[in-house]
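Below: the structure, in C-alpha cells.
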Amino acid sequence: VSSGGGLPSQVKSFFMAYKYKDYMLSVENPSNLSFYAGGKELVFSSGIIDESRGTVVTVTPGNGPDGRNYTGCSISGLIPVMKTIDLGTGDTRIAMDNASYGCYSPSGRYIAYVPGNSGNVTVLDTKTGESRTLSSNYGVPISFDPAETCLYIISGNTGIKIPLNGGANESLFASAGYSGCLSPDGRFFMFRDMLGLSVYDM
C-alpha cells in the first residue's frame with residue numbers, strides 16, 4: 001500500500017505455494033514480516049520441502065461426495081527458512097536456511113533469528129561472520145533500534161530490550177503477542193495484545 005494513498009496492489013500470492021513433484025500443495029503461511037534493504041524487500045519466516053532432511057509429504061487422491069476427483073495432502077517436517085520478497089518484482093529468495101523469526105538491522109549488517117527449532121535468539125554479524133546467542137529462552141526477534149545497539153524481542157508475552165554489546169536485558173511491557181514492530185525513530189513499539197493493537201512509548 002503506497003504511503004501516498006491510492007489502491008493497494010498485490011505483491012505476492014502464497015496460494016498453493018508449495019511445489020512437490022507434479023503437485024502444487026497447501027498454502028504457504030508467511031509470518032513475522034519486516035522490511036529489509038531500505039524498504040525494497042520484505043523478510044518473512046516460512047518453510048521448504050526437503051525430503052532428504054526429513055520432510056514427509058503424503059498425497060492422497062480420491063473422490064469427493066459429489067463424485068468429483070480431489071487430491072488431499074499432508075506435509076510434516078518443513079525446514080524453517082527466512083525468505084525475502086522483492087517489492088518491485090515479487091521475486092522470492094531464501095535469505096537464511098534452517099532459521100525462523102528473522103529480522104535485519106536497519107543497515108542490513110545484523111540478522112536476528114532463531115536457529116532451527118532451538119528457541120535461542122541469535123544475532124549474526126554479516127560483516128565479521130560472528131554469531132552470538134542473546135537469549136536461550138524462546139523468543140521472537142522483532143526489531144533493532146535505529147543505532148543498532150540493541151534488539152527488541154517478545155518472549156513469554158513480554159517485550160524485552162537486549163543490548164548487543166552486553167549488559168542486562170530490560171523488560172519493557174507485558175501481555176504482548178508474538179508480533180510487533182518498532183517505529184523508524186525507535187520511540188514507539190507497537191504490538192498485538194488481548195485487546196488488539198497497543199503502542200508502548202519508550
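The values are calculated or read from the model by the stated rules, or taken from the named source; none is laboratory data. Everything quoted here is computed from the prediction, not taken from an experiment. Here the Cβ is made from the backbone with ideal geometry for all residues, glycine too, and neighbour counts use every protein chain on show. Surface areas here come from the heavy atoms of the whole protein model, side chains and all, with no ligands, DNA or RNA. Shrake-Rupley method; radii C 1.70, N 1.55, O 1.52, S 1.80 Å.
Here are the numbers for this structure:
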| quantity | calculated |
| --- | --- |
| Close pairs (7 angstrom Cβ cut-off, 6 or more residues apart or separate chains): more than 18 Å from Asn29 (Cβ to Cβ) in the range 85-99, at pLDDT below 90 and open to solvent by 60 Å² or more (accessible area, probe 1.4 Å) anywhere | Asp86/Lys40; Leu87/Val11; Leu87/Lys40; Gly88/Lys40 |
| Residue list for the range 160-172, filter: open to solvent by 20 Å² or more (accessible area, probe 1.4 Å) and touching a Phe, Trp or Tyr at 6+ places or on another chain (Cβ under 8 Å) | Ile160, Lys161, Leu172 |
| Filtered residues of the range 53-69 (kept if exposed (fewer than 11 other Cβ atoms within 10 Å of the Cβ) and in a strand (DSSP E or B)) | Thr58, Thr60, Pro61, Gly62, Asn63, Asn69 |
| Test: residue in the range 41-52 that is open to solvent by 80 Å² or more (accessible area, probe 1.4 Å) and either at pLDDT 80 or above or on the phi > 0 side of the Ramachandran plot (or both) | yes |
| Subset of the range 140-159 (residues that are open to solvent by 10 Å² or more (accessible area, probe 1.4 Å) and not hydrophobic (A, V, I, L, M, F, W, C)) | Ser143, Asp145, Pro146, Glu148, Thr149, Tyr152, Ser155, Gly156, Asn157, Thr158 |
| Hey, Thr60 polar (S, T, N, Q) and in contact (Cβ under 8 Å) with a residue 24 or more places away in the chain or not | no |
| Members of the range 154-200 that are more than 17 Å from Tyr113 (Cα to Cα) and among the basic types (Lys, Arg) | Arg187, Arg192 |
| Elements of type strands (runs of 3 or more DSSP E) in the range 82-139, at least 1 residues being in contact with a Lys or Arg (Cβ under 7 Å, 6 or more places away or on another chain) and open to solvent by less than 30 Å² (accessible area, probe 1.4 Å) | 121-125 |
| Of the criteria (1) within 30 Å of Ser183 (Cβ to Cβ); (2) surrounded by 11 or more Cβ atoms within 10 Å (Cβ to Cβ), which one Tyr20 fails | (1) |
| So Leu25, is it farther than 26 Å from Phe144 by Cβ, of a type in the set (A, V, I, L, M, F, W, C) and either surrounded by 15 or more Cβ atoms within 10 Å (Cβ to Cβ) or in contact (Cβ under 8 Å) with a residue 24 or more places away in the chain (or both) | yes |
| Output for the range 173-200, where each listed residue is assigned to a strand (DSSP E or B) and open to solvent by less than 80 Å² (accessible area, probe 1.4 Å) | Phe173, Gly180, Cys181, Leu182, Phe188, Phe189, Met190, Phe191, Asp193, Gly196, Ser198, Tyr200 |
